[in-house]
Amino acid sequence: MITKVEQIEARAAALPLLKKAQIYLNEREQDTIEVVDFGLGTLRSEGAQILTLVQTDRIGVKLIALQPRQTLPEHWHPPVGADPGKEETVRHLFGELFIYTEGEDTLDRGFIPEGKSECYACRHEQSMAAGAQITFAPGEKHWFQAGDRGAVLFSFSTVARDALDQFTDPNVDRITKITGE
Ligand code: ZN
């Protein structure tokens, strides 16, 4: 859960990052950036600012801004009916981004959020420079962490069904609740 004020502040903090990534957003888009705390209540540590640019029955395009060292929790996109699950390509635009997948433990430059060791099984680190991209197969586990300057990335995918995404952390609730304060 986050407050309305936290939502407004997190949106505002995302704007300079997007500017550094040379992304132009119109006012309506700026005001509809989704601030996601994954139900964990520790937005600055585990969270993301996400703007859905395209969402059809077939494809999805999202822009994701992460504050310095903010972590997008480990998740995967499960099969839904005849669909094997979301296939996702991340293209990194600005800042430093560490991406983690299954494989040899090479975790070095990023870190597991404090006390959350069991919620982050993927320890294979890839350091992404601006212009680098990576594709996750349906069902492939992944998580991201921004470096010290924050990060901006595109996520291009087959149809996104965010509410059905699965997270290693059993406490995650993908739909963030906003309180009135
Ligand atoms: Zn994903």
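Okay, here's what the table says:
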| read-out | value |
| --- | --- |
| Sole exception among (1) more than 20 Å from R123 (Cβ to Cβ); (2) within 14 Å of the chain's Cα centre (by Cα); (3) not charged (D, E, K, R) for L66, by number | (1) |
| Extreme residue, farthest from the ligand (Cβ to nearest atom), among residues of region 74-106 that are modelled with pLDDT of 95 or more, under 18 Å from E140 (Cα atoms) and of a type in the set (A, V, I, L, M, F, W, C) | F98 |
| Every residue from region 87-106 that is within 25 Å of L18 (Cβ to Cβ) and without any contact (Cβ under 8 Å) to a residue 40 or more places away in the chain | none |
| Options S155, S117, S127: the member that is away from the ligand (no atom under 15 Å from the Cβ), under 20 Å from A21 (Cα atoms) and among the polar types (S, T, N, Q) | S127 |
| Members of region 25-67 that are in a loop (DSSP other than H, G, I, E, B) and either hydrophobic (A, V, I, L, M, F, W, C) or touching a Leu at 6+ places or on another chain (Cβ under 6 Å) (or both) | L25, I33, D37, F38, L40, L43 |
| Leading residue by the ranking (nearest to the ligand (Cβ to nearest atom)) among those in region 52-73 that are under 18 Å from K19 (Cα atoms) and surrounded by fewer than 19 Cβ atoms within 10 Å (Cβ to Cβ) | T52 |
| Residue match in region 155-162 (condition: among the basic types (K, R), modelled with pLDDT under 95 and assigned to a loop (DSSP other than H, G, I, E, B)) | yes |
| Tally, over region 166-177, of residues that are crowded, with 17+ Cβ neighbours inside 10 Å and within 12 Å of the ligand (Cβ to nearest atom) | 1 |
| Search result, residues across region 123-156 that are acidic (D, E) and surrounded by 17 or more Cβ atoms within 10 Å (Cβ to Cβ) | E125 |
| Out of L17, L97, sole residue that is touching a Gly at 6+ places or on another chain (Cβ under 6 Å) and either in a strand (DSSP E or B) or not basic (K, R) (or both) | L17 |
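The values are calculated or read from the model by the stated rules, or taken from the named source; none is laboratory data. Since the structure is predicted, the reported quantities are computational estimates derived from the model, not experimental observations. FYI the Cβ positions are ideal-geometry reconstructions off the backbone, even for glycines, and counts take in every protein chain you see.
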